[in-house]
Amino acid sequence: MTSLGLPVGDLFALANAIAAMVGGATAIEDVQTRVLAYSTLPDQPIDDTRRDGILGRQVPDLPDNDEAYASLFRARGAVRLPGAMTPNLPGEPAVPVGLARLAVAVRAGTEPLGSIWVVDATGELDAAAAAELERAADIAALHILRARSAADLARAQRAVLLRRLLDGDTDARLVAAQLGLDPGSQYVALAFQPQFGPAGDELRMNRLVDLVAMACEAHQSGTECVAIGTTVYALFFGQQLNDAQLVSIEAMAARLVARATIAMRIALRASVGSRVSRVDTIARSRRDADLVLLLTDPAGPVVSARNVGSRLSLLELGQVLRDTPRLFSSQARAVLDLDERSGTEYALTLRTYLDCGRDSARTAGLLSVHQNTLRYRLRRVRDLFTIDLDNADDTLTLWLSLRVAD
């Protein structure tokens, strides 16, 4: 029993108790804005937003939702929020279409569990009502935690195991066995990275994980998903992941990017890592997916490692050069430093010239300069930095360093 005399787990009884204490129709939601419970006391005004949420057991997707939830989860206590507004269209100013709310986030420590919303039909809910709502949030946390199913616990446990696999755990075979993965399968990791605004990241990240998990599970039963930092990963597997199956996975990821743009109003980068054949190399597929993300645009096409082999190799070499500065060409560093100080374009000229296989006419065309100007710049490079482009080893190191610095 809780301090309100209610059985732990009875969310509908709790919603009615809050409605009576605070003085307004009450709804309890989880972090995915699903309506877990709602009050049924008579003579408490409601609006269409509450009615639609109850009927669909999901909060309607309204234009001001992101801002409202962001302010709610930033706050330490109860917050007052205006009613829903119509879209602000040209020549048609937004007008209220819903009632105001008094709301509070529900947390277990720092972990968000959901929220409680009380309709403030007259605008008269005072500081005492806010204090009652904050007290009720602590009790609601117990109810929501109790209401979590065994499936949620199992999902959390599997997420921990998958995170260990993607991080390159030394006991990868044991971890894979605990996940029930076939050691004879092939694997490929997908990465989804949202471009969130300045607020509301925590709540929307939880919703994004659910969206990715649902889409991936619908495409292939048993697919595993987990969030690591600001990226959501999915692991696909099969006895033989051929190119046709990879194309199908890439198409699924593209549909997911489009859906996230529409349903969640976020730009999502997505990439597909390399195909690997052992559980202890799954981390390699994840690392390649992370590198390929650097080649993607927000809400743009999904990029797959199988289609960018050379560029992926350069990205990995670039990471090695960044991690080991002594390998970076000293001549390339001198060129870049002078360009930064003086506004010259020697690095661009050298990189383009080498990219073009030392074809002067093509290089001049790409740089939009006369070939005589190009020749002058190359002579200046030789004189200023003692660069000998006839030395194959020095030229290779110079070119790689300039490419990864771009």
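The values are calculated or read from the model by the stated rules, or taken from the named source; none is laboratory data. Quick caveat, the model's predicted, so the values are computed rather than measured. Because the Cβ atoms are built from the backbone with ideal geometry, glycine has one as well, and the counts that use them run over all protein chains shown.
Here are some notes:
- Among the residues of this structure, Val104 does not count as one that is crowded, with 23+ Cβ neighbours inside 10 Å and over 29 Å from the mean Cα position of the chain (by Cα).
- Odd one out for Gly300 among (1) surrounded by fewer than 18 Cβ atoms within 10 Å (Cβ to Cβ); (2) of a type outside the set (Lys, Arg); (3) not in a loop (DSSP other than H, G, I, E, B): (3)
- Evaluated against (1) basic (Lys, Arg); (2) crowded, with 19+ Cβ neighbours inside 10 Å; (3) over 10 Å from the mean Cα position of the chain (by Cα), Arg259 falls short on exactly one condition, (2).
- The residues listed here are Arg403, Arg362, Arg351, Arg358; of these, the one that is within 29 Å of Leu291 (Cβ to Cβ), in a loop (DSSP other than H, G, I, E, B) and of a type outside the set (Gly, Ala, Ser) is Arg358.
- Flag set for Ser313, criterion: surrounded by fewer than 15 Cβ atoms within 10 Å (Cβ to Cβ) and not assigned by TED's automatic domain parsing to the domain that holds Asp171.
- Scoring Ala189 on the criteria (1) modelled with pLDDT of 90 or more; (2) closer than 30 Å to Asp43 by Cα leaves a single failure, condition (2).
- Just one of the listed residues (Ile139, Ile116, Ile144) is under 16 Å from Ile28 (Cβ atoms) and in contact with a Ser or Thr (Cβ under 6 Å, 6 or more places away or on another chain), and it is Ile139.
- Any hit, the range 272-289, residues being at pLDDT below 90 and outside any helix (DSSP H, G or I): no
- Each residue in the range 277-297 was checked for being β-branched (Val, Ile, Thr) and surrounded by 21 or more Cβ atoms within 10 Å (Cβ to Cβ), and 3 of them qualify.
- Selection count, the range 365-400, where residues are in a loop (DSSP other than H, G, I, E, B) and either closer than 22 Å to Pro325 by Cβ or among the aliphatic types (A, V, I, L, M) (or both): 5
- Sole exception among (1) over 28 Å from Leu291 (Cα atoms); (2) modelled with pLDDT under 90; (3) among the polar types (S, T, N, Q) for Ser368, by number: (2)
- Within the range 103-145, the residues that satisfy the criterion of being of a type in the set (S, T, N, Q) and within 23 Å of Thr40 (Cβ to Cβ) are Ser115, Thr122.
- Cβ-Cβ contacts under 7 Å between residues 6 or more apart (or on different chains), taken from a first residue in the range 255-272 that is assigned by TED's automatic domain parsing to the domain that holds Val212 to a second residue that is among the aromatic types (Phe, Trp, Tyr) and part of a strand (DSSP E or B), are listed as Leu268/Phe192; Ala270/Phe192.
- Flag for Leu208 being in contact (Cβ under 8 Å) with a residue 40 or more places away in the chain, under 30 Å from Phe73 (Cα atoms) and hydrophobic (A, V, I, L, M, F, W, C): yes
- Exactly one residue out of Arg326, Arg322 is out of contact with any His (no Cβ under 7 Å at 6 or more places or on another chain), without any contact (Cβ under 8 Å) to a residue 40 or more places away in the chain and among the basic types (Lys, Arg), and it is Arg326.
- Residue that is surrounded by 16 or more Cβ atoms within 10 Å (Cβ to Cβ), over 19 Å from Pro112 (Cβ atoms), of a type outside the set (Asp, Glu) and within 11 Å of the chain's Cα centre (by Cα), where the choices are Phe192, Phe237: Phe192
- Neighbours by Cβ (under 6 Å, 6+ apart or cross-chain): first from the range 379-398, assigned by TED's automatic domain parsing to the domain that holds Tyr346; second hydroxyl-bearing (Ser, Thr, Tyr) and assigned to a helix (DSSP H, G or I): Val381/Tyr346; Leu389/Thr395
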